[in-house]
Amino acid sequence: MTYLICTTCGVQMDENITQDDICPICTDERQYVNPNGQSWTTLPDLISSGTYQTTVTEEQPGIQSLVTTPKFGIGQTAYLVTGTKRVLWDCITYLDRTVIEEVGQLDAMALSHPHYYATQVEWAETFEIPLYIHEADKEWVTRPSERIVFWSGDRLELADDVVLHRIGGHFDGATVLEWTTGDEGLGILLTGDIIRVVADRAWVSFMYSYPNLIPLPAATVAEMAFVLEDVRFNQIYDAFHKIVVTDAKASVARSASRYIEALNGHVKERERR
């Protein structure tokens, strides 16, 4: 079996998943097909090119970031949380022997949403670990594997101190990871871009599509914020290495309120016209 990788989104897939030589992840309105046309590569080709490397960096005790340079695909960051278990959060495409040795043992992987599926099955099979994806996003899996665990409901404990929360929004199964003992016990939330830290690091945002600038409905953002009311966290790490370093829970609440007020204000303005 040949496992193609879309160069635009970085997601790996079976050859028989592609239709009309187009990536099914990128044809969705939340992503995009490269205006220069669809192109593919494979993991062996990426490795043999000698172009890429994935760097593993300690961010603080118990959390490491994994970043590929130069940027490939969407360019997201994955994180390794080392609490009572070693859990990889989200995935990046480039994986070689050096990365495997640096990462060491893993106990599990968990994914926020389909844009970061990358070479997730390569990782799961290499480290011989379960891969957790919310069942609501099952249709977006482009390379099936017995390693994938499709979980249901709105909450799943992967370990005593690692909890997955389905909050929806960007995708039906959009998930965040709560590391309860992170930040010296104050809690860290890893959000992918289900919640995105913005330029002003005291604020966050929520979008249906980031590249195509499609907002989420106000009611959906309100539901996301409501789910997080019972989750304790002081910091947020997002998919692009942006961090809210303190009082992150309050940042989410006030950002959700600002977002909702802005959308509702625009509605009222149209009604006046």
Given (1) more than 17 Å from THR119 (Cα to Cα); (2) among the small types (Gly, Ala, Ser); (3) in contact with a helix residue (DSSP H, G or I) (Cβ under 9 Å, 6 or more places away or on another chain), where does GLY10 come up short, assuming only one miss? (1)
Residue match in region 30-44 (condition: in a strand (DSSP E or B), open to solvent by less than 30 Å² (accessible area, probe 1.4 Å) and touching a residue at least 60 places away in the same chain (Cβ under 8 Å)): no
Is one or more of the residues making up region 92-102 within 18 Å of ASP161 (Cβ to Cβ), under 17 Å from the mean Cα position of the chain (by Cα) and touching a residue at least 12 places away in the same chain (Cβ under 8 Å)? no
Of the residues in region 32-91, those that are of a type in the set (A, V, I, L, M, F, W, C) and over 19 Å from THR8 (Cβ atoms) come to ILE47, VAL56, ILE63, LEU66, LEU80, VAL81, VAL87, LEU88, TRP89
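Yes/no matrix, rows are residues, columns are (1) open to solvent by 40 Å² or more (accessible area, probe 1.4 Å); (2) in a helix (DSSP H, G or I); (3) more than 22 Å from GLU29 (Cα to Cα):
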{"position": "GLY182", "(1), (2), (3)": "no, no, yes"}
{"position": "ILE194", "(1), (2), (3)": "no, no, no"}
{"position": "ARG201", "(1), (2), (3)": "yes, no, yes"}
{"position": "PHE226", "(1), (2), (3)": "yes, yes, yes"}
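The values are calculated or read from the model by the stated rules, or taken from the named source; none is laboratory data. Owing to the predicted nature of the structure, the values given are computational and were not obtained by experimental measurement. Reconstructed Cβ throughout: ideal geometry from the backbone, glycine too, with neighbour counts over all protein chains shown. Keep in mind that these areas ignore ligands, DNA and RNA; they rest on the heavy atoms of the full protein, side chains included. Shrake-Rupley method; radii C 1.70, N 1.55, O 1.52, S 1.80 Å.
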